[in-house]
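In what follows, a structure is listed as structure tokens, so that the remarks can point back to it.
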Amino acid sequence: MNEQPTSIAETARLTAVYRAIESERTDALFRDVWARRLAGERGDEIARVHAQIPAWPMIVRTKLIDDYVRAAIADGADRVVNLAAGLDMRPHRLDLPKSLTWVEADFPGLVRDKARLVEGETPRCNVVRKGLDLSDAARFAAFLDEALAGSERALVVTEGFLVYLEDEAVRRIAASLAARPEIRTWVTDIASPEVLRRLGRLTRKTMGDDARFQFAPPNGVAFFEPLGFRAVSHASLFHEAARVRRLPFFLRLFARSKAPPPDQSGRRQWSGVARLERVSTQPPLG
């Protein structure tokens with residue numbers, strides 16, 4: 001059974017460091033009291049190595065996905081399936097119905113590490129953690145069978161995951177999700193090609209090949225429409241960061257302009273979080 005690639009595991013620890021930093025603010029956008037423990041000393045080392053990566057996009061991404069998860073549950077979602085969950089602690093820190101089942105999937109080694117670090121902690125709902133390589137189509141299909149059993153209105157979350165995949169891999173995942181009528185909503189982050197080019201310049205010397213940024217469709221959220229999901233709402237990380245006062249001062253002037261459409265092609269910069277809903281007709285697998 002495959003273990004997690006080193007650089008992918010490090011990105012999970014880096015994200016946990018940023019959640020810890022935000023949680024320690026008096027005006028925190030969210031509170032993750034486990035983040036510092038999950039990041040560990042290794043997380044602090046990784047943050048020093050990647051000091052050129054700004055924290056605010058990941059912090060705002062966390063806040064926006066929190067908001068979208070709450071909204072989907074308020075709209076009737078009875079199951080959450082978090083793909084490539086990493087060190088996420090939403091089942092512990094969000095106010096969730098006790099009847100909700102939250103299913104996480106990630107590389108086996110990362111799942112074991114997380115389970116060990118949070119042993120004895122009580123989540124707000126029923127949590128199931130599965131270790132698997134999500135690129136294994138047969139195991140992914142079996143995982144969905146188990147994860148969705150008994151659900152009528154499931155929510156899928158992909159945070160900081162699709163960006164590391166090739167377009168074809170994202171299409172395969174989307175087709176697998178669209179083939180499951182239980183899945184009604186999909187919350188994901190997405191970026192334009194220009195944003196990925198800028199991120200690539202920042203990280204090419206510090207990130208391993210297994211953590212190379214790849215997915216940034218020129219048509220943005222419209223990429224998912226032929227695959228069975230349509231964006232019904234979206235939010236710009238940049239503009240939300242300005243609204244909640246996490247954008248660096250020298251960038252705030254640029255936030256006064258209107259955000260470009262999230263399906264914008266060309267060299268426009270946009271990154272954000274979208275809520276995708278199932279469309280009436282889904283494409284077949286294959």
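Each value in this text was obtained by applying a stated rule to the coordinates, not by laboratory testing. Bear in mind the structure is a predicted one, so any value in this text is a computation, not a measurement. Note that each Cβ is placed from the backbone with ideal geometry, even for glycine, and that neighbours are counted across all protein chains shown.
For this structure, a couple of remarks:
- Under 5 Å from the amide H of residue 129 lie the amide H atoms of 104, each residue being 5 or more positions distant or on a separate chain, with H modelled from the backbone and absent for Pro and chain starts.
- Other-chain or far-sequence residues with amide H under 5 Å of residue 183's (modelled H): 154
- Note, ³J(HN,Hα) from phi for the range 39-50, Karplus 6.51, -1.76, 1.60, rounded to Hz, x at Gly and Pro: 5, x, 4, 4, x, 5, 4, 5, 4, 5, 5, 9
- In a simple Cβ point-charge model (Lys, Arg +1; Asp, Glu -1; nothing else charged), the range 1-128 has a dipole of about 120 debye relative to its Cα centre.
- Cα centre as origin, Lys/Arg/Asp/Glu Cβ charges: the range 54-278 dipole, Debye: 1040 debye
- Intensity falloff of the range 43-119 expressed as log10 I(q)/I(0), Debye formula with alpha-carbon point scatterers, at q = 0.22 Å⁻¹: -1.18
- HN-Hα J in Hz across the range 233-242 - Karplus 6.51, -1.76, 1.60, θ = phi - 60°, x for Gly and Pro: 7, 7, 9, 7, 4, 4, 6, 5, 4, 5
- Computed helical MRE - 222 nm, the chain, DSSP H runs ≥ 4 contributing -39500 (n - 2.57), nearest 500: -11500 deg cm²/dmol
- Spin-label model distance (nm) - residue 219 vs residue 253, 7 Å beyond Cα toward Cβ: 3.7 nm
- Long-range HN-HN contacts of residue 81 with modeled amide H, under 5 Å: 103, 155, 156, 157
- Taking every DSSP beta bridge that has both ends in the range 54-278, the antiparallel portion is near 40%.
- Mean Cβ neighbour count within 10 Å, used as a protection proxy, ranking 22-28, 175-181 highest first: 175-181, 22-28
- Reference-scaled alpha-carbon Rg (2.2 N^0.38 Å with N residues) for the chain: 0.95
- With kT/(6 pi eta Rh) evaluated at 10 °C and eta = 1.306 mPa s, and Rh the Kirkwood radius from Cα pairs, the range 107-198 diffuses with a coefficient of 104 µm²/s according to Stokes-Einstein.
- Kirkwood-Stokes translational diffusion coefficient of the range 149-252, alpha-carbon pairs, 10 °C, 1.306 mPa s, µm²/s: 102 µm²/s
- Using the Karplus relation 6.51 cos²θ - 1.76 cosθ + 1.60 with θ = phi - 60°, the per-residue 3J(HN,Hα) values for the range 121-131 come to 7, 9, x, 7, 9, 6, 10, 10, 10, 10, x Hz, with x marking Gly and Pro.
- The residue list 213, 55, 224 was ranked by how far each Cα lies along the charge dipole of the chain toward its positive end, using unit charges on Cβ atoms, and 55 comes out on top.
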